[in-house]
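Everything below concerns the one structure shown next.
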Amino acid sequence: MYVGALECDVLLGDVRSLKQKRSAVRPLLAELRRFEVAAAEAGHQELYRRALVGVSCVSADPAHVRALLERCERLVAARPELELLSARTRLFGPDDN
């Protein structure tokens, strides 16, 4: 079994409150979940122009995990209302402790 994790640090566009931030992040999370992954806002909750979006998936094939997380990263990068500042992918397999 392989577990993949993706962290996307994003800068939101014209957002001036936490309520506006939620209305920008919620559709992104819903679109990511269409890939049948777990997705959540995992950091920067107190900042209204930044969000740390976490994505994870599980598969028996490490190539499938990598491909799925790459698709998720491309989806985040393609959103015009935000800027992807950084993305970090990790893969955990049976040989990891």
*Would you call Val53 surrounded by 17 or more Cβ atoms within 10 Å (Cβ to Cβ) and part of a loop (DSSP other than H, G, I, E, B)?*
no
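Pick from segment 41-50 the residues that are free of Cβ contacts under 8 Å to residues at least 40 places away in the same chain and part of a strand (DSSP E or B): which of them is surrounded by the most Cβ atoms within 10 Å (Cβ to Cβ)? Working first, answer last.
Residues of segment 41-50 that are free of Cβ contacts under 8 Å to residues at least 40 places away in the same chain, as a first pass: 41-49.
Among the residues that remain, those that are also part of a strand (DSSP E or B) are: 41-43.
Values: Glu41: 17, Ala42: 15, Gly43: 14.
For segment 41-50, the residue satisfying everything is Glu41.
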*Name every residue in segment 62-89 that is touching a helix residue (DSSP H, G or I) at 6+ places or on another chain (Cβ under 9 Å) and farther than 26 Å from Tyr48 by Cβ, in order of residue number.*
Thr89
*Being in a helix (DSSP H, G or I) and without any contact (Cβ under 8 Å) to a residue 40 or more places away in the chain is the filter here, so list the residues in segment 1-40 that pass it.*
Leu18, Lys19, Gln20, Lys21, Arg22, Ser23, Val25, Arg26, Pro27, Leu29, Ala30, Arg33
_Of everything in segment 1-40, what is under 20 Å from Ala78 (Cβ atoms), at pLDDT below 90 and open to solvent by 50 Å² or more (accessible area, probe 1.4 Å)? Give them in sequence order._
Asp14, Ser23
*Quick one: how many residues across segment 68-83 are open to solvent by 50 Å² or more (accessible area, probe 1.4 Å) and either hydrophobic (A, V, I, L, M, F, W, C) or under 14 Å from Cys8 (Cα atoms) (or both)?*
7
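The values are calculated or read from the model by the stated rules, or taken from the named source; none is laboratory data. The structure presented is a predicted model; accordingly, all values stated were derived computationally and were not measured. Here Cβ is always computed from backbone atoms with ideal geometry, including for glycine, and neighbour counts include all displayed protein chains. To get the accessible areas, we keep the full protein, side chains included, count just its heavy atoms, and leave off ligands, DNA and RNA. Shrake-Rupley method; radii C 1.70, N 1.55, O 1.52, S 1.80 Å.
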